[in-house]
């Protein structure tokens, strides 16, 4: 009797799921539901995808995977793929990334700090003050500053400045033809300071990815 019951059940399941030549593009669960049948627990594969989980920082030396979400003190952001996480060079840095050179020169680097550390204007002025111009002109007059307001309540002030960088790697601590993209981000109770610096030739390709990263920020 039990064998007959199992055989009948198997035949019914085969008919419902369109075994053999009668192919159906319906899922197993939908096909069973049309026949008022309930699948055995665990017999139907889950089709939902687990949501992305925010990570602190990927393992040092590894690239951020496409779509990986980083968590910087409750502020979630998507770091561009291929940017390599590094061990911060100082305790003041929350995170640090190396941006591989695309034009055969020196790589750019991103440093992330947590604040607050003074007013927005004070920090912007300090960043611009780290640059001088070969012709002696005013760096502030050549710098660009703009605001970016995210849909999730994240507000950011961005700055773009170039010239001779006083914090560079040259013999005298100065590097010519350098550029900085900076951002001061306020999200909830967290303030972040991001400095992306590198040779002007490399930085030309990084303005859009940097702004996209800032725009992707969400407060948890």
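Going by how many other Cβ atoms sit within 10 Å of their own, how do 87, 195 line up, fewest first?
Listed from fewest to most nearby Cβ atoms, that is 87, 195.
Fewest Cβ neighbours within 10 Å first, please rank 128, 120, 184 accordingly.
120, 128, 184
What order do you get for 218, 144 when you list them from fewest to most C-beta neighbours inside 10 Å?
144, 218
Using the basic label-point model (7 angstrom from Cα toward the beta carbon), what is the residue 201 to residue 149 distance in nanometres?
4.1
Once fully extended, how much extra length lies between residue 101 and residue 138, figured as 0.36 nm per residue of separation less the alpha-carbon to alpha-carbon distance?
Length gained, residue 101 through residue 138: 10.4 nm.
Along each principal axis of its Cα atoms, how long is the range 69-219 end to end? Whole angstroms, biggest number first, please.
Taking the Cα atoms of the range 69-219, the three principal extents are 42, 31, 28 Å.
No value in this document is a laboratory result; all are computed from the given coordinates. Fair warning: this is a prediction, and the values are worked out from it, not measured in the lab. All Cβ positions, glycine included, derive from the backbone under ideal geometry; neighbour counts span all protein chains shown.
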